[in-house]
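Coordinate-derived values only; no laboratory data. What you see is a predicted model; the values in this text were computed from it and never measured. Counting neighbours? That spans all protein chains shown, and the Cβs are built from the backbone with ideal geometry, glycine included.
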Amino acid sequence: MDALRTTKFAQELEKTIRGYHMVNDVPIKEAVWESVLAQSLRRADCANTWKQGGHQSGMDILIGDQGISCKTTKMGRTSFKVSSFRMTKCNTGEEFTEEIDVKRNNYSHYCVLARTEYAEELVYDVYVIPSSKVKATPKTWKEYKNKSGKITKWDTDNKDGYGMMVSATMSNQLWIVLQKSAFEEFRTIKDIKIKLGQEMDYASLFEKLSLDTMGTSA
C-alpha cells in the first residue's frame, strides 16, 4: 500500500493527529482513527472512500481497489492486540478459518494505530500490515471449556509472530495478537509524541475561527 508509506502522508498524518490533540486528551480510537486516516490521505492527495457508519465488516477505507481495515490498540511490552469482527455463526476452527480467510477477506492491509500511554504523554506508532501476513489458514485451533463443559474460547498457536483468539463470551469476537519484533518491518511511522493537557476546547476553537472568518470578510 504505497499511499501509506509516502513522506507526504506521514507529514499530514502527524499534523492531523496533533490537530486532534490540540483539543482532545482522549486517545485516538476506532471511528476517530478512521476519520483521521481518511483526512490525512486526502491531504496527501490520495483519493479514498471512507465507509463511515458502514455495516460491512473488515474494510473501512478504500483506496482504488484496495481495502484497508483500520485498527487501534494499546501497545504492550512485547506485543499488541487488535480486535476484529464477530463470528457468531462459527463454532469450530475450520469455520473460523473459512470466515477469516475467505468470506470476510475484503481488505488488503491492516492500518494499525498503536499507542503507548504515559502520565503526561501519548506516543503513537503506525503499522501497515498486509493481510496476507495474518492468515488463519496455517494455524491450529484449540478449544477451551469451563467446568460445566461449555466452550469459553478458541485460540491458535503463535507461530510466525502472531496468534488468534475467539471469545465465546463476547459473541465469538476475534482477537489477533502480534509480536512487535515480528512486525517491526511494517512499522511505517514511529514515535509521534503528544504532550497531554492542551488548554484549547471546542468553544474556544469555534470562537477563534469565527473571529478569523469575520476579520477576513471585513
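A compact table of results
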{"item": "Listed peptides 164-174, 104-114 by packing density, highest first (mean Cβ within 10 Å)", "result": "104-114, 164-174"}
{"item": "Nearest-ten-degree value, helix 30-43 long axis tilted from longest Cα axis of the chain", "result": "50 degrees"}
{"item": "Kirkwood hydrodynamic radius over Cα pairs of the stretch 24-121, then Stokes diffusion coefficient at 10 °C and 1.306 mPa s, in µm²/s", "result": "105 µm²/s"}
{"item": "More than 23 angstrom apart: percent of Cα pairs within the stretch 2-208", "result": "50 percent"}
{"item": "The chain - mean residue ellipticity at 222 nm from DSSP helices (-39,500 (n - 2.57) per run, n ≥ 4, rounded to 500)", "result": "-7500 deg cm²/dmol"}
{"item": "Ranked 85, 186, 206, 9, criterion: other C-beta atoms within 10 Å, fewest first", "result": "206, 85, 186, 9"}
{"item": "Using alpha-carbon coordinates, inclination of helix 202-217 to the longest axis of the chain, degrees", "result": "40 degrees"}
{"item": "Label zone at residue 143 (point 7 Å along Cα-to-Cβ), backbone N below 20 Å, the stretch 80-108", "result": "86-101"}
{"item": "Per-pair calculated FRET efficiency, R0 = 41 Å: residue 120 and residue 91 via Cβ, rounded to 0.05", "result": "0.35"}
{"item": "The chain: relative contact order in percent, alpha carbon pairs under 8 Å with at least 6 residues between", "result": "20 percent"}
{"item": "Cross-link pairs 15/81; 71/153; 147/180; 74/150 - those with Cα-Cα distance over 24 Å", "result": "15/81; 147/180; 74/150"}
{"item": "Using θ = phi - 60° and Karplus 6.51 cos²θ - 1.76 cosθ + 1.60, couplings along the stretch 163-175 (whole Hz; Gly, Pro as x)", "result": "x, 10, 9, 10, 9, 5, 6, 10, 6, 6, 5, 8, 10"}
